[in-house]
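Single-structure report; data block below.
The values are calculated or read from the model by the stated rules, or taken from the named source; none is laboratory data. Keep in mind that this is a model prediction, so the values were computed, not measured. Neighbour counts are summed over all protein chains in view; Cβ atoms, including those assigned to glycine, are modelled from backbone coordinates with ideal geometry.
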Amino acid sequence: MGKWDEKAKGKKWTIISIILLICAISIFLGVFFTIKQLEENYVRYTTDQITNQIINEMKYTDFVKVDENQLAKHYDIPNDVISECSVYMNKSSENASELACFLLIDSSKYEKLKTIVTSHISTKAAGYKNLNPSQYNELKNFLITQKGRYVLVAVGNNTSAENKIFQNMFE
C-alpha cells in the first residue's frame, strides 16, 4: 500500500505543479497584455507637438496650419473617430504637400480613418492629375502610418524622412 501512496502523492504534486505553472503563465500574459494596452493608449504628445517636430526638423517654411473650423472642407471625419488633430497644407495651391497627425479615440478606429484619408487624397489627386503630374504622383504615393493611437499622413517628396521622425518620437 505504501508504493501506491507514493505514486498518488507524486501524481498530485505533478498536477499541482502543472496547475501552478499554468496560473503563473496566465498571470504573466495578463500583465503583459494589460501593459501593452496601456502603452498603446498612452498619449505622450499632442498632435501639434508631432507635426511641429516634423516641420522643425525638416525645416519646412511653406506649410500653413488648417484651422479646425476649416478641417471639414478637407476631411469628413465623424466625432467618434478622432479626439485631436493637427493638419498642415502647403501655402501654394500648386503644391499638394500635406502633413497631418490624428489622435484616434481608440486604435481600432484606424481602418475607418484610413478610408476617410484615402478618400480625401483621391479627391485632391483628381484635381492635380492634369494640372501637375508630379504633384499627382506624390498624392498617389502618400504615407499613412499608425503608432498606437497616433496616425501620421504625409504627402510630398520627403515622406520617408517624415515617417522616420514620427517613429523616432516613440522610441
Restricting segment 81-114 to residues that are surrounded by fewer than 11 Cβ atoms within 10 Å (Cβ to Cβ) and more than 19 Å from residue 157 (Cβ to Cβ), which is modelled with the lowest pLDDT? 108
Show the residue pairs that are 6+ apart or on different chains and have beta-carbon atoms under 7 Å apart, the first residue being within segment 123-136 and more than 16 Å from residue 73 (Cα to Cα), the second being outside any loop (DSSP other than H, G, I, E, B) and of a type in the set (S, T, N, Q). 128/135
Sole miss for residue 51 among (1) modelled with pLDDT of 90 or more; (2) surrounded by fewer than 10 Cβ atoms within 10 Å (Cβ to Cβ) is condition (2)
